[in-house]
Amino acid sequence: MSQDQWSAVDRYFTDQLLPNDPVLDEALRASAAAGLPAIQVSPAQGKLLEVLVRIHGARTILELGTLGGYSTIWLARGLPAGGRLVSLEAEPKHAEVARANLARAGLAQAVEVRLGRAIETLPRLAAEGRGPFDLIFIDADKAGYPDYFTWALKLARRGSVIIADNVVRHGAVTDAASSDPGVQGVRRMLELAAAEPRVSATAIQTVGSKGYDGFLIAAVIA
Ligand code: SAH
Ligand code: DHB
Ligand code: MG
């Protein structure tokens, strides 16, 4: 199995199941033109996020790590009328590009991009009485994942869903001695999830145009 094969199959699925999408194409073009790194979820993964929002019937979503708003657009598209999404982003340029992309997607009303480090914005959201959120997508800096998972639980209710991106990192996650703070962050989050009686969680490996990676998916059960 090779990256070429994974990419070819992803292309085939995307051609079959994801119709041409000028809004998303333009979001990626604008993100690249502004110099943002192309580390957004793949099209098929983005559609998975939309499908999960729909399956869950989520009306409120919290995202950590907006980048150019690509995953944000997918998530928000799964919301019903009147649904709301808050997305947290530390880089001013990323937030600015994302806001423009969301406006072009007709999602300016539904989505609020909050500028600031997530670890500072999360307690502010809680203090404002925001939440509980029906679905929380964790995709900011991987070293912060343990804190973000803990905050996600605080901002969740029984029945909420927590999803975290990039939990495999080409297999690096199994290296307990890794010096990569991102790997250690993911590993510590998995330990927290395993020890947390409020969640029922699994992790799923994925391959595709973005290589070999995976998602944590957790249901908040209490
Ligand atoms: N969810 C996006 C990709 C996010 S990439 C998508 O799939 O389309 C990770 C993002 O997290 C980057 O934009 C980065 O600037 C942001 N980030 C990094 N550290 C952060 C922090 N401490 N708080 C908030 N955002 C952060
Ligand atoms: C990378 C990929 C991601 O999905 C992400 O959220 C952050 C970084 C990467 O490939 O470096
Ligand atoms: Mg990611």
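The values are calculated or read from the model by the stated rules, or taken from the named source; none is laboratory data. These figures come from a predicted structure and were not determined experimentally. Because the Cβ atoms are built from the backbone with ideal geometry, glycine has one as well, and the counts that use them run over all protein chains shown. Surface accessibility is based on the protein's heavy atoms, side chains included, excluding ligands, DNA and RNA. Shrake-Rupley method; radii C 1.70, N 1.55, O 1.52, S 1.80 Å.
Below is a table of values for the structure above.
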| item | result |
| --- | --- |
| Test: residue in region 54-70 that is over 19 Å from residue 106 (Cβ atoms), open to solvent by 50 Å² or more (accessible area, probe 1.4 Å) and within 16 Å of ligand 2 (Cβ to nearest atom) | no |
| Residues satisfying the stated conditions in region 122-144, i.e. assigned to a helix (DSSP H, G or I) and touching a helix residue (DSSP H, G or I) at 6+ places or on another chain (Cβ under 9 Å) | 122, 123, 125, 126, 142, 143, 144 |
| Among (1) within 17 Å of residue 109 (Cα to Cα); (2) within 12 Å of ligand 1 (Cβ to nearest atom); (3) not in a helix (DSSP H, G or I), the one test that residue 38 misses | (1) |
| Which listed residue is among the aliphatic types (A, V, I, L, M), surrounded by 15 or more Cβ atoms within 10 Å (Cβ to Cβ) and within 15 Å of the chain's Cα centre (by Cα), from 44, 110 | 44 |
| Residue match in region 161-178 (condition: of a type in the set (Gly, Ala, Ser) and surrounded by 22 or more Cβ atoms within 10 Å (Cβ to Cβ)) | yes |
| Qualifying positions in region 119-154 - more than 16 Å from the chain's Cα centre (by Cα), open to solvent by less than 10 Å² (accessible area, probe 1.4 Å) and not β-branched (Val, Ile, Thr) | 125 |
| Matching residues in region 30-41 - criterion: being under 20 Å from the mean Cα position of the chain (by Cα), open to solvent by 60 Å² or more (accessible area, probe 1.4 Å) and either more than 11 Å from ligand 3 (Cβ to nearest atom) or within 16 Å of residue 99 (Cβ to Cβ) (or both) | 32, 38 |
| Residue check for residue 65: of a type outside the set (Val, Ile, Thr) and over 11 Å from the mean Cα position of the chain (by Cα) | no |
| Number of the condition not met by residue 207 [criteria: (1) in contact with a helix residue (DSSP H, G or I) (Cβ under 6 Å, 6 or more places away or on another chain); (2) closer than 26 Å to residue 94 by Cα] | (2) |
| All positions within region 12-34 that are outside any helix (DSSP H, G or I) and free of Cβ contacts under 8 Å to residues at least 24 places away in the same chain | 19, 20, 21 |
